[in-house]
Amino acid sequence: MFSDRTNWKLTRNRLSETLDEVRSGGARVLDLTLSNPTRAGLFYDEARILQSLASPQALDYDPQPKGLASARAAVAEYYRAAHGIHNLDSERLILTTSTSEGYSFVLRLLCNPGDELLVPKPSYPLFEFLADLQDVKLVPYPLIYDHGWQMDFPSLQKMTTERTRGVVVVHPNNPTGSFVHPNEQKFLNRFCGEHGLALIADEVFLDYAHDGAARQSFAANPDVLTFTLSGVSKISALPQMKVAWVATSGPGAEVEAAESRLEIISDTYLSMNAPIQLATPVLLEQRKSIQQQLLDRVLANLKELDRQLAAQTTCQRLIVEGGWYAVLRVPVTQTDEELAVELLRRKSVLLHPGHFYDFPSDGYLVLSLITRREEFAEALQRIFATMNP
């Protein structure tokens, strides 16, 4: 009755089952998997946000496949103000309800059933579901850790086939927090140009560089056909508002052809609603107050993590450059999932095992850095008490 593309394993994993057990027993769980900024104790300009959703223009139906001009202009202004990109034409932007929808549009544009995309490993597990739904095969290329994370360029060469259609980069990566460095971008442009591949850049965490130095966006990449995805979910910490986009850049003829097709794909669904589009300029403005709050939280938690790591000898954190997560290297005495279940059951601390993100071996735990500071510090104490008896 059902398609093969939805033939997923639907049983709950051990960690989810254990979480239900612990919470049903009345325990207070310290959550180091927090990804929802609206529940992280931040201060939003509630009146301004809510007021932005009440425009009388929302009563008029004005279907625009790429999105309303005012909303796209606001996105172009964001790139000008935040990333110094002055030549981003708002006509090269397609608004979507989420980066997931943006991915689905781009995959439909580039791939026939069974075609392949090169994706980083470790990385966010959502890619697998998106690829399944679009009948696309994912071919992982490794990120290697050696005094920081680096792309494995020889693997990219070996894994490319006649069915490869593009390379996905996450800038910075989730959960490793590693940016695509300028020399890597040069290689990617050359590599994609030689093989006739598109470049797909996920930049949802781009504004959260831990050293405060702005990183170059792919949104104006001129060398190869490039699709850059982002949205207010992370930029303004407003995931519930469902505003995202795809920016297309590269050689003129390829961009024109891609944009024409993307516009038809978007026109088929017209998924963006009027109130949200009209509110987009205000929602993007919220980044000016919310990003510093998040960065302060992230950096304070990293400092606390390093302080507690210095007092023990069994664990270490890997270098992280940006984003909202840290990776902890731990002794391999059991699988990562077994360790995560044990910490949840014995210490009421919830965190993600590395295999959730396709780490190549056991010995990794992933921690959210946007958890409230007091809760984060207490959770670390419980973890290290278990790891250093």
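A short reminder: the numbers here are calculations on the coordinates, not readings from a lab. As the structure is a computational prediction, the values presented were derived from the model and not from experiment. Don't worry about glycine lacking a Cβ; one is built from the backbone with ideal geometry, like all the others, and counts go over all protein chains shown.
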Return the single residue from 12, 297, 329 with maximal mean-square fluctuation; model: Gaussian network over the chain, springs between Cα atoms under 10 Å. 12
Just one of (i) 5, 20, 24, 21, 18, 9, 2, 0; (ii) 5, 21, 26, 21, 14, 9, 4, 1, 0; (iii) 5, 22, 31, 26, 14, 2, 0 is P(r) over Cα pairs in 10 Å bins from 0, in percent calculated from these coordinates, so which is it? (iii)
Name the most mobile residue of 99, 11, 228, meaning the one with the largest mean-square fluctuation, in a Gaussian network model of the chain with Cα contacts below 10 Å. 11
Once you put a point 7 Å from the Cα of residue 13 and another 7 Å from the Cα of residue 57, both along the Cβ direction, what distance in nm separates them? 4.3 nm
I'd like the distance separating the alpha-carbon centroids of region 311-389 and region 221-300, in whole Å. 32 Å
In the neighbourhood of residue 232 defined by beta carbon distances under 9 Å, the net charge of the other residues (Lys, Arg +1; Asp, Glu -1) is +3
Computed, not fitted: 222 nm per-residue ellipticity of the chain from DSSP H runs ≥ 4 (each -39500 (n - 2.57)), nearest 500, equal to -13000 deg cm²/dmol
How would 61, 79, 103 line up from fewest to most surrounding beta-carbon atoms within 10 angstrom? 61, 79, 103
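Explain nothing, just the number: dipole magnitude of region 55-286 about its Cα centre with +1 on each Lys and Arg Cβ and -1 on each Asp and Glu Cβ, in debye rounded to the nearest 20.
240 debye
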For the chain, with a Gaussian network of springs between Cα atoms less than 10 Å apart, report the residue from 202, 362, 296 with the top mean-square fluctuation. 296
Which ³J(HN,Hα) values in Hz, rounded to whole numbers, follow from the phi angles of region 332-347 under the Karplus curve 6.51 cos²θ - 1.76 cosθ + 1.60, where θ = phi - 60° and Gly and Pro get x? 8, 9, 6, 5, 4, 5, 4, 5, 4, 5, 5, 5, 6, 6, 8, 10
For region 47-55, 3J(HN,Hα) per residue [Karplus equation, 6.51 cos²θ - 1.76 cosθ + 1.60, θ = phi - 60°, Hz, x = Gly/Pro]: 4, 5, 5, 5, 4, 5, 8, 10, 5
